[in-house]
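Remarks on the structure that follows.
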Amino acid sequence: MDQGAIECSAIMEKSNEEVSQLSVTQGDPPLFCPAEETEKGFYFLSNIDQNIAVVVRTICCFMSNENENENADKMIKDAISKVLVHYYPLVWRLTISSEGNLIVDCTGEGAILRTLGKLVYDIPGAKNILEMPPLVAQVTKFQCGGFVLGLCMNHCMFDGIGAMKFVNSWGEVAR
């Protein structure tokens with residue numbers, strides 16, 4: 001695991017008086033960009049999208065298939081850059097236009113994808129949606145071989161159907 005940015009320490013008491021300690025160290029998240037060159041400029045949101053600028057958190061759970069899931073996080077990371085070619089506004093950043101409207105600006109910063117074992121990832125210091133990437137993903141692997149893909153997607157970028165098309169495309173590329 002990366003060293004640095006966040007440290008978390010907690011002591012948990014169990015009902016039988018045993019005490020367990022959990023310590024997590026987390027570094028700066030890797031950023032993923034499209035595998036190919038994409039359009040540059042601004043992406044203007046519709047009037048409807050202006051009013052639903054909220055993040056939606058979703059989890060997708062995957063059971064263990066013996067050793068088939070061993071490299072799931074690597075396959076997911078390899079696939080994200082390929083699928084982002086077709087969903088390139090997800091690697092840009094939200095900003096406010098001179099007219100006061102929410103727009104997507106081509107900053108090329110990338111989407112965030114973490115692999116963690118014990119922590120739900122939040123963007124350090126983000127106080128509002130302008131400080132968060134439109135897409136944040138986390139893969140949590142379990143000792144049994146199963147894993148969870150946690151997604152935090154900004155609703156102004158796509159509705160539920162669009163989000164599922166993105167997730168399905170990502171899954172197809174990962175296979």
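Find the residue count for the stretch 44-73, including only residues that are modelled with pLDDT of 75 or more and within 21 Å of Pro133 (Cα to Cα).
Just the residues of the stretch 44-73 that are modelled with pLDDT of 75 or more, to begin with: 44-52, 54-64, 71-73.
This time we only want the ones that are within 21 Å of Pro133 (Cα to Cα), so: 44-52, 54-60, 73.
The number of residues fulfilling the criteria is 17.
Go through (1) under 21 Å from the mean Cα position of the chain (by Cα); (2) modelled with pLDDT of 85 or more for Ser98 and report which single condition fails.
(1)
Out of everything in the stretch 145-167 that is without any contact (Cβ under 8 Å) to a residue 24 or more places away in the chain and under 15 Å from the mean Cα position of the chain (by Cα), what residue ends up being surrounded by the fewest Cβ atoms within 10 Å (Cβ to Cβ)?
Met164
The values are calculated or read from the model by the stated rules, or taken from the named source; none is laboratory data. Predicted model only: the values in this text are computed from it and were never measured. We place every Cβ from the backbone using ideal geometry, glycine too, and count neighbours over all the protein chains shown.
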